[in-house]
Amino acid sequence: MQRYGSKSRLLLSLVPALLCLSASCTLQEPRVIDPLDPPDADSLAITPQNATAVVGESIAFTAPDATVNGSPVSGAAEWTASGGSINDNGVFVSPAVGVFTVGALRSGHSGRSKVTVTAAAPGVTAVTVTPSAVTLQPGQVLTFGATAILSNGSTVSTAVTWSATGGSITGAGLYTAGSTAGSFRVIALEQVGTHADTATVTISSATPTLQAIVVSPGSISLAPGAAQQFSAVGSLSDGTTAGVLVNWSATGGTISAGGLYSAGSTSGTFRVIAVQQGGTRADTVTVTVVTPPGGTTLTGVEVSPASVTLGTGGTQQFSAIGRMSDTSTTSVRVTWSDTGGAISAGGLYTAGSTAGAFRVIAVRQGDTKADTSAVTITAPAPTLTAVELTPASVTVAAGATQQFTAVGRLS
């Protein structure tokens, strides 16, 4: 019984081995090959070998229909992976960085491949143009810059194609404002991709320049010893007028620094001259000194200039003459009043701080004859209050470039 029991135990111990020999195609562990070395002759050379991918990217593996030495295999492959996941069709994907092994078992033959999974490179999520808004004078230039915002929150310089409405821009982002005032756009389109951004460009009207000096009244007749207040305005390139500082001079009488002329005692034709202070522009008017003919009467009062445009706080000297029934003119005493500013008894007007349309009124003293002049007060031109550098901060890889721009912040 003991010998039989011993034999029984021997036979039982041999059974697993015999089973393994007869069924090795289903019970053995999948053969492991090193994808860096030539596969064994009876293994499967699955493809691809030594694959690489980024996190979340899928790779489709295939198992051949024969071993390396040409032995045919059949049936569906059984796929395994040491990390990530792989489906029955051999599609592998990993949610994490690492080095993994993909294995295949088919008809008792196995193979494997190494997969290296790396972090996905940050992608571009947007393009921003700097500065985003700016005001320029016609012909003024400014360099725009473009920055790419990446998915990890960092920023890098990026190549863009520039275009503009209302003005011109070079491939390097150098913009030149056109001659037409208005609101326009500068557009940056990513050269590799579809991201874009725009900046607003406001082109302001060109600052008007002084074209001429105009003295009022243009001509006048005075009795010997009579006085007349003259005034001067500047005629600007945009067709408007503005106050201007002048130096006065006269022949046949005297004139004050404020333009008050006093006729001499000699009859004749004389001149009143106004020359721009610090410039060369000038104007002259004719003064005829005569004894007024008898029987003429005063028909009206005329204020000069008839209209003027001033900046807030600007000044303008106004004058008034009397128009006689025979069309001649004569000096006249008036009482001045105004809206939108202040005016002296001598007719010197100072514009207030509020922009708008206002009036200067002259009423003849001791009479009701009067005249008015239109005064337009404009807001002061904006002044530079600060310089801003954009972008304010940026992350740049070693060796990379970044376009910076500077704009002026106006009042």
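The values are calculated or read from the model by the stated rules, or taken from the named source; none is laboratory data. Remember, it's a predicted structure, so these values are computed and weren't measured experimentally. As a convention, Cβ positions derive from the backbone with ideal geometry for all residues, glycine included, and neighbour counts pool all protein chains shown. Remember, those area values only see protein heavy atoms, side chains included, never the ligands or the DNA or RNA. Shrake-Rupley method; radii C 1.70, N 1.55, O 1.52, S 1.80 Å.
Okay, here's what the table says:
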| quantity | calculated |
| --- | --- |
| Among (1) closer than 27 Å to Thr309 by Cβ; (2) open to solvent by 40 Å² or more (accessible area, probe 1.4 Å); (3) not polar (S, T, N, Q) - the single one His195 does not satisfy | (1) |
| The stretch 17-65: number of residues that are modelled with pLDDT of 55 or more, open to solvent by less than 60 Å² (accessible area, probe 1.4 Å) and not in a loop (DSSP other than H, G, I, E, B) | 4 |
| Criterion (open to solvent by less than 40 Å² (accessible area, probe 1.4 Å) and more than 54 Å from the chain's Cα centre (by Cα)) met by exactly one of Gly75, Gly98, Gly108, Gly83 | Gly108 |
| Subset of the stretch 355-394 that is modelled with pLDDT of 80 or more, assigned to a loop (DSSP other than H, G, I, E, B) and not charged (D, E, K, R) - its residue that is farthest from the chain's Cα centre (by Cα) | Gly366 |
| Subset of the stretch 218-240 [open to solvent by less than 10 Å² (accessible area, probe 1.4 Å) and either of a type in the set (Ser, Thr, Tyr) or not in a strand (DSSP E or B) (or both)] | Phe230, Ser231 |
| Segments classed as strands (runs of 3 or more DSSP E), wholly inside the stretch 135-185, with at least 3 members that are among the charged types (D, E, K, R) and modelled with pLDDT of 90 or more | none |
| Selection count, the stretch 289-343, where residues are in a loop (DSSP other than H, G, I, E, B) and among the charged types (D, E, K, R) | 2 |
| Flag for Ser393 being open to solvent by 30 Å² or more (accessible area, probe 1.4 Å), among the hydroxyl-bearing types (Ser, Thr, Tyr) and closer than 25 Å to Tyr261 by Cβ | no |
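To keep it simple, each residue is scored yes or no on (1) closer than 15 Å to Val244 by Cα; (2) surrounded by 14 or more Cβ atoms within 10 Å (Cβ to Cβ).
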residue: Val272; (1), (2): no, yes
residue: Gly279; (1), (2): yes, no
residue: Thr288; (1), (2): no, yes
residue: Thr291; (1), (2): no, no
residue: Leu298; (1), (2): no, yes
residue: Val303; (1), (2): no, yes
residue: Ser307; (1), (2): yes, yes
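Conditions (1) open to solvent by less than 80 Å² (accessible area, probe 1.4 Å); (2) closer than 30 Å to Gly153 by Cα; (3) touching a helix residue (DSSP H, G or I) at 6+ places or on another chain (Cβ under 9 Å); (4) free of Cβ contacts under 8 Å to residues at least 12 places away in the same chain, marked per residue:
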| position | (1), (2), (3), (4) |
| --- | --- |
| Leu348 | yes, no, no, no |
| Phe358 | yes, no, no, no |
| Val363 | yes, no, no, no |
| Pro382 | no, no, no, no |
| Glu388 | yes, yes, no, no |
| Ala400 | yes, yes, no, no |
